[in-house]
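Read through the structure below, which is laid out as structure tokens, and then see the notes.
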Amino acid sequence: MLANLAPFLLHWAITAFGLWVASHVFKGLRFDGTSALVVAALLLGLANAVVRPLLVVLTLPLTLVTFGLFLLVINALVLMLVARLVRGFHLDGFWIAFWAGIFMSLLSLVLGAFILGGTPEFTIQTSPSPGSDWL
């Protein structure tokens, strides 16, 4: 259990940092305080883990027709949902959410590559690896 805590906290910190930087880059995205930023980062991670996959499955035909570009719209909608739920997180419209979502995705990708050294070390093993025994 504690082995999964460090990756969770690191992803949370990267998301919070991405939101903070995006709030300085985009005038329509702002936070009233640090607590709103921290809660928004936590809720954004939860929404990306639960709500986003449901939206991807429900809009799969549209995503296929647009060659995956509709996923950018889903990112913006999830960001708008989080802004609606967190008091102190203000987002001025869809297009701010759209561009901020792209910016945060790219920033998280770069930060994750530098922090992790380009290796996907944040996988949670739920079953034994091939060739290992169950007992």
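Quick note: the coordinates plus some simple rules give every number you see, no bench work behind them. A quick note: this is a predicted structure, and the numbers were derived from the prediction, not measured.
Observations on the model:
- Sequentially through segment 5-16, phi angles give Karplus couplings (6.51, -1.76, 1.60; θ = phi - 60°) of 6, 4, x, 4, 5, 5, 5, 4, 5, 5, 5, 4 Hz, Gly and Pro residues having no value and appearing as x.
- Once the Kirkwood radius over Cα pairs is known for segment 43-121, the Stokes-Einstein relation at 37 °C and 0.692 mPa s delivers a diffusion coefficient of 241 µm²/s.
- When the P(r) of segment 1-90 is calculated, the portion above 18 Å amounts to 50% of the C-alpha pairs.
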